[in-house]
Amino acid sequence: MRRRALSVLKYILTLVVAVGLFWMLYRNQDFEELWHNLRQARWEWILFSLVLSLVAHWSRGVRWSIMLRTLGYHAGAMPAFIAVLVGYLANLIVPRMGEVSRSAMLQRMRGIPFQVSFGAVIAERIFDLFMLALFTLGALWLEFDRLSHFLTQVFGSRAQSSTDKSLMLGATALVAIGGIAVVYVTRSYWLQLLWAQKVIGFLKGLKDGLLSILQLSVAQRIYFLLHTLLIWTCYYFTSYVLFFAMPATENLDWHCALAILMMSGISIVAPVQGGIGVYHLFITATLSAYGIVQSAAQEFAFMAHSSQLFSYVFFGVLALGLSLLFKPMPYSDKVADS
């Protein structure tokens, strides 16, 4: 009972944070003007962005099915795709529920044990975190001067010379190494803490998931990496093509799209429903660093997030309907490759 109460409290707090951030950012926004400008947007680019998102979701499902086939289970591209869409819908309701929901959905449709498909999801997330880290480092390296303006709004003093780029990255690495060393020396203390045990268990799951990648054949590894590249390429162009939907952003270049992708990824990781508030804040601040006036930046953030939100709801509900076409398959009737 206490655990359920804490879960409800956590859900309410994250929702309050999301709504609070959204209100702080848009409290002075003229919504009549915002709706007028959105009606004038070039909707063909918004639709193109949604198509790219769907391609990324489909590729994510295929990549997931590749891993499951290696473990002896044939999920099929369509059931995996449907489960992924349902997962995105679940994330809008409860943060981080998408991974659980898609595994549960695939178990119902294809009889694949939950722990098996969920372990594959963890392995997938390792590569996604790696790709996000690569894009983040790339954006910081290429656009350090502009992004430092945004970062200093959060962390303080601004870099004054070109050498600060290397100094900041080097200092970050030293702090990380020092932190790891301190934790290692005092590990006997940390191992006694309950939350630390949960973190260690999570890291062990990540390690096991990573090792499962090694079970892939050479051809499967190639397909896995190609789908990973396709997913993140679609993510990048999903942001880039939206620039052409509004006159205020149509002249932004690919560097800015890289920064938007970085900030989008970081905001989605935040434990709030659908990144609401956090996404709007980060994207608005990033576009402001590129010279876009705040009102236009807020309009772009609202348009980009709302279009994705609509797609998650529409295609998620559609996926739920399609899942009913699959006869529920119990564990004993699982489909396994010989």
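Quick one: which residues, 5 or more positions from Y73 or on another chain, have an amide H under 5 Å from its amide H? H modelled 1.01 Å from N in the peptide plane, none for Pro or chain starts.
Sorted by chain and number, the residues that satisfy this are D337.
Calculate the FRET efficiency for V218 and R27 from the Cβ-Cβ distance with a Förster distance of 56 Å, rounded to the nearest 0.05.
Values: r = 55 Å, r/R0 = 0.99.
For R0 = 56 Å, the calculated efficiency reads 0.50.
For the peptides 273-285, 47-59, what is the packing order when you average, over each peptide's residues, the other Cβ atoms within 10 Å and list the highest mean first? Walk me through the intermediate numbers first.
Working: 273-285: 22.7, 47-59: 18.7.
By packing density, highest mean first, the sequence is 273-285, 47-59.
Using the crude model of +1 on Lys and Arg Cβ and -1 on Asp and Glu Cβ, and no other charge, please compute the dipole size for the range 1-117 relative to its Cα centre, in debye to 20.
The calculation lands at about 720 debye.
Could you run the Karplus curve 6.51 cos²θ - 1.76 cosθ + 1.60 with θ = phi - 60° over the range 300-309 and give me ³J(HN,Hα) per residue in whole Hz, x for Gly and Pro?
Residue by residue, the range 300-309 yields 5, 4, 5, 5, 5, 5, 5, 5, 5, 4 Hz.
Which whole-Hz ³J(HN,Hα) couplings does the range 28-40 yield from phi under the Karplus relation 6.51 cos²θ - 1.76 cosθ + 1.60, θ = phi - 60°, glycine and proline marked x?
Each residue of the range 28-40 in turn: 9, 6, 7, 5, 5, 5, 4, 5, 5, 5, 5, 5, 8 Hz.
Short version: ³J(HN,Hα) in whole Hz for each residue of the range 112-118, in order, from phi by Karplus 6.51 cos²θ - 1.76 cosθ + 1.60 (θ = phi - 60°), x for Gly and Pro, what are they?
Values, residue by residue: 7, x, 4, 5, 6, 5, 5 Hz.
Rule-based calculations on the coordinates, nothing more; no lab input. Small disclaimer: the values here were computed from a predicted structure and weren't measured. Reconstructed Cβ throughout: ideal geometry from the backbone, glycine too, with neighbour counts over all protein chains shown.
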